[in-house]
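Enquirer: Can you read through this structure? Questions will come right after.
The values are calculated or read from the model by the stated rules, or taken from the named source; none is laboratory data. A quick note: this is a predicted structure, and the numbers were derived from the prediction, not measured. Surface areas here come from the heavy atoms of the whole protein model, side chains and all, with no ligands, DNA or RNA. Shrake-Rupley method; radii C 1.70, N 1.55, O 1.52, S 1.80 Å.
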Amino acid sequence: QVQLVESGGGLVQPGGSLRLSCVASTTIFSIGSMGWYRQAPGSQRELVATITRSSFTYYADSVKGRFTISVGNRGNTVLLQMNSLKPEDTAVYYCNAANGGGTYWGQGTQVTVSS
């Protein structure tokens, strides 16, 4: 079982930045892969970005060049730096961890981009 706790969401104006943090109960080296998903009202949950224990990253086309996913120094924190935010980035952002034992989710953190 992997516990995930997100933080860092909030209200920001278009063009602004936010950094989301996800603290896991173990390190990514034990988990294998971690990432961020988001779900806007009335929409399905969608992949935003992932990172593996070997530092391979993947980004959705909609966030490429604006968002950066990284692992913190201790290996148990995954960060999502979000720049040049747009209103369409508004959603609940969920941290995800996946390994052979299953898929785990955090409770979600709200990101609202609005003037």
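Enquirer: Please work out the average accessible area per residue across segment 51-115, using the 1.4 Å probe convention, and give it in Å².
Expert: 52 Å²
Enquirer: Hey, any idea what % of the chain's accessible area is carbon plus sulfur with a 1.4 Å probe?
Expert: Within the chain, the accessible surface is 47 percent carbon and sulfur.
Enquirer: Here's something else I'd like to know. How much of the DSSP bridge set in the chain is antiparallel, in percent, rounded to the nearest 5?
Expert: Numbers: 38 of 41 bridges.
Looking only at bridges with both residues in the chain, the antiparallel portion is about 95 percent.
Enquirer: While we're looking at this one, here's another question. Using only alpha carbon pairs under 8 Å that are at least six residues apart, calculate the relative contact order of segment 1-78 and give it in whole percent.
Expert: Values: 106 pairs, mean separation 20.9, N = 78.
Rounded, it is 27 percent for segment 1-78.
Enquirer: Which value at 222 nm does the chain reach when only helices count, each DSSP H run of 4 or more adding -39,500 (n - 2.57), with the total divided by all residues and rounded to the nearest 500 deg cm²/dmol?
Expert: Computed mean residue ellipticity for the chain: -500 deg cm²/dmol.
Enquirer: Relative contact order for segment 27-115 using alpha-carbon pairs under 8 Å, separation at least 6, rounded to a whole percent?
Expert: Relative contact order of segment 27-115: 29 percent.
Enquirer: Can I get the semi-axes of the chain's equivalent ellipsoid? Compute them from the C-alpha gyration tensor as square roots of 5 times the eigenvalues, in angstrom, largest first.
Expert: The answer is 23, 14, 12 Å, longest axis first.
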